[in-house]
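Take a look at the structure set out below.
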Ligand SMILES: Cc1cc2nc3c(=O)[nH]c(=O)nc-3n(C[C@H](O)[C@H](O)[C@H](O)COP(=O)(O)O)c2cc1C
């Protein structure tokens, strides 16, 4: 399972020490410099490293410690193309109104940046070397999504620590049943998100966020 297939791009895997990579990033600094990295190189990611970031996912909390997660790392180019084609078909109509609004020169630059990144990812989705799907078994007929997102965040932070670029997509929920069947998932274990992972073309950066002072209240909401 951990054996790497031959590189589809012919690129040589970077020589990395799986044991030590990412272990030196201070937790809070890693959190503050974690952002959506959607511009990815097509070079393959070693399976042992995919395993390492998924292992971080398994340390997430879950109700009753049920750990309902299943991770499926898709690296096969044809299977990534299958997903990318369907993702684009959903994404392009979704982003069209924002694209229209962005023609206005007063459209906020920060929003334009997010939009451009998301468009880039959609257009290059097939090139992202790892499509990591996150699924979880249903409990009492309900997906345990609240238990999957802490695992997803751990994986995103682990990617940040080891220097991989990653982001999060959920728009594929529009074709979730077809996708789950394609991934061979049982009916009671739906996907809830996908994490495109690869070596980043750009450096990790501190993301733009409102100040904590705008959202923290003590004792009572103070308006
Ligand atoms: C629940 C959730 C769903 C998201 N779905 C998508 C998606 O379908 N496609 C996409 O490109 N980004 C998606 N994102 C990524 C957000 O756009 C991104 O986290 C946000 O713009 C902040 O980016 P930053 O950390 O680089 O500032 C999603 C994020 C979350 C938390």
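The values are calculated or read from the model by the stated rules, or taken from the named source; none is laboratory data. Just so it is clear, the model here is predicted, and its values are computed rather than measured. Note that we place each Cβ from the backbone using ideal geometry, even for glycine, and neighbour counts take in every protein chain shown.
Any residue at all in region 192-202 that's within 15 Å of the ligand (Cβ to nearest atom), at pLDDT below 95 and over 14 Å from the mean Cα position of the chain (by Cα)? Looking through region 192-202, at least one residue is within 15 Å of the ligand (Cβ to nearest atom), at pLDDT below 95 and over 14 Å from the mean Cα position of the chain (by Cα). Of the residues 142, 146, the single one that is within 14 Å of the ligand (Cβ to nearest atom) and surrounded by fewer than 18 Cβ atoms within 10 Å (Cβ to Cβ) is 146.
Tell me whether region 158-167 contains one or more residues that are within 15 Å of the ligand (Cβ to nearest atom), outside any strand (DSSP E or B), out of contact with any helix residue (DSSP H, G or I) (no Cβ under 6 Å at 6 or more places or on another chain) and at pLDDT 95 or above. Yes; the residues of region 158-167 include at least one that is within 15 Å of the ligand (Cβ to nearest atom), outside any strand (DSSP E or B), out of contact with any helix residue (DSSP H, G or I) (no Cβ under 6 Å at 6 or more places or on another chain) and at pLDDT 95 or above.
So for region 173-191 (the condition being within 27 Å of residue 92 (Cβ to Cβ), surrounded by 21 or more Cβ atoms within 10 Å (Cβ to Cβ), within 10 Å of the ligand (Cβ to nearest atom) and within 14 Å of the chain's Cα centre (by Cα)), does at least one residue qualify? So far as region 173-191 goes, no, none of its residues is within 27 Å of residue 92 (Cβ to Cβ), surrounded by 21 or more Cβ atoms within 10 Å (Cβ to Cβ), within 10 Å of the ligand (Cβ to nearest atom) and within 14 Å of the chain's Cα centre (by Cα).
Among the residues of region 168-193, write down those that are in contact with a helix residue (DSSP H, G or I) (Cβ under 8 Å, 6 or more places away or on another chain) and in a loop (DSSP other than H, G, I, E, B). Within region 168-193, 168, 187, 189, 190 meet the criteria. For region 93-115, a tally of residues being in contact (Cβ under 8 Å) with a residue 24 or more places away in the chain and in contact with a helix residue (DSSP H, G or I) (Cβ under 7 Å, 6 or more places away or on another chain) returns 2. Candidates 118, 135: the one that is near the ligand (Cβ under 10 Å from one of its atoms) and in contact with a helix residue (DSSP H, G or I) (Cβ under 8 Å, 6 or more places away or on another chain) is 118.
When 38, 32, 47, 66 are checked against the criterion of being more than 16 Å from the ligand (Cβ to nearest atom) and over 16 Å from residue 149 (Cα atoms), 47 stands alone in meeting it.
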